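Each remark here refers to the structure printed beneath this line.
The values are calculated or read from the model by the stated rules, or taken from the named source; none is laboratory data. This structure is a prediction, so every number in the text was calculated from the model and none was measured. We place every Cβ from the backbone using ideal geometry, glycine too, and count neighbours over all the protein chains shown. Protein only, heavy atoms only, side chains kept; ligands, DNA and RNA dropped before computing areas. Shrake-Rupley method; radii C 1.70, N 1.55, O 1.52, S 1.80 Å.
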Amino acid sequence: AKRTGEERVFSMPETCPVCGGKVVKPEGEAAARCSSPTCPAQLERGIEHFASRDAMDITGFSEKTAAQLYDLCGIRDAADLYQLSREQLLQLDGFKEKKADNLLKALEKSRECTLDAFLFAIGIPNIGRGTARDIANHFGTLKAVMEADMDALLEIPDVGEIVAASVVEFFTYPENLDMVQRLLDAGVTPKHESGRLSEVLVGKTVVLTGTLPTLS
């Protein structure tokens, strides 16, 4: 849109407009965020992120669903999702029997997941799906990732100090460790599948049509 002359200089608020927590901008990061671990807006966003397609891919989820689960069902983090009942879901606006059952089935299906999807889903700051995949390929198990120090993480190509520090710091917070343990106790099983794509072609003949720059 074109400028109208009524634009104003934006100043980052010092406190969160939702919960009043202090707004912080870690050194080296572009994003400013609320520092309160109990901020409702952050908790809702964390639930929505966990269920998103690039994370645990739980179908039937939306921003509205996350807000309703927070307000009406007492859902505060990802692990709480696996304790949901059909009766609770039927309380939500727009949820009939079929939609509730489909969400429960999607939650059940999500218990079997890849390690990289899990690492991305739990919301480690500065970790995208690609970086999560690199970390999963390097360490192979969730336990190894949780125990990794800065030096071990910096061995991964394209992982710098900001990303490495984010991973290490995430697993120092008791609330994060508790959430991860409750996810595992709920039957969520992150597995590394480094050979999954290459194995698709084992024993098959591939025919290319057309030409490539260096081949006829």
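Mean residue ellipticity at 222 nm from the helices of the chain, using -39,500 (n - 2.57) per DSSP H segment of n ≥ 4 over the full residue count, to the nearest 500 deg cm²/dmol?
Working: 10 runs with 92 residues, N = 216.
After summing the helix terms and dividing by residue count, I get -12000 deg cm²/dmol.
Projecting the Cα atoms of Leu43, Gly210, Val163 onto the dipole axis of the chain, where Lys and Arg carry +1 and Asp and Glu carry -1 at the beta carbon, places Gly210 farthest toward the positive end.
Stokes-Einstein at 37 °C, 0.692 mPa s, Kirkwood radius from Cα pairs: D for the range 14-92 in µm² s⁻¹? Provide the component values of the computation, followed by the final result.
Working: Rh = 13.7 Å.
Here the translational diffusion coefficient equals 240 µm²/s.
The residue among Ser110, Asn126, Phe61 whose Cα reaches farthest toward the positive pole of the charge dipole of the range 56-146, with charges on the beta-carbon of Lys, Arg, Asp and Glu, is Ser110. Values of log10 I(q)/I(0) for the chain across q = 0.17, 0.18 Å⁻¹ run -1.22, -1.30, by the Debye formula with one identical scatterer at each alpha carbon and no solvent.
In this structure, the amide hydrogen of Leu90, modeled 1.01 Å from its nitrogen in the peptide plane, lies closer than 5 angstrom to no residue at least 5 positions away or on a different chain. Altogether, the Stokes-Einstein calculation at 25 °C and 0.890 mPa s, with the Kirkwood radius of the range 97-138 over Cα pairs as Rh, returns a diffusion coefficient of 213 µm²/s.
Rolling a 1.4 Å probe over the protein chains gives Phe10 an accessible area of about 150 Å².
I need the peptides 38-51, 101-114 ranked by packing, meaning the mean over residues of other C-beta atoms within 10 angstrom, with the highest value on top.
Working: 38-51: 18.9, 101-114: 16.2.
In descending order of packing, they fall as 38-51, 101-114.
In this structure the amide hydrogen of Thr189, modeled in the peptide plane, comes within under 5 Å of the amide hydrogens of Glu112, Cys113, none closer than 5 places in sequence on its chain.
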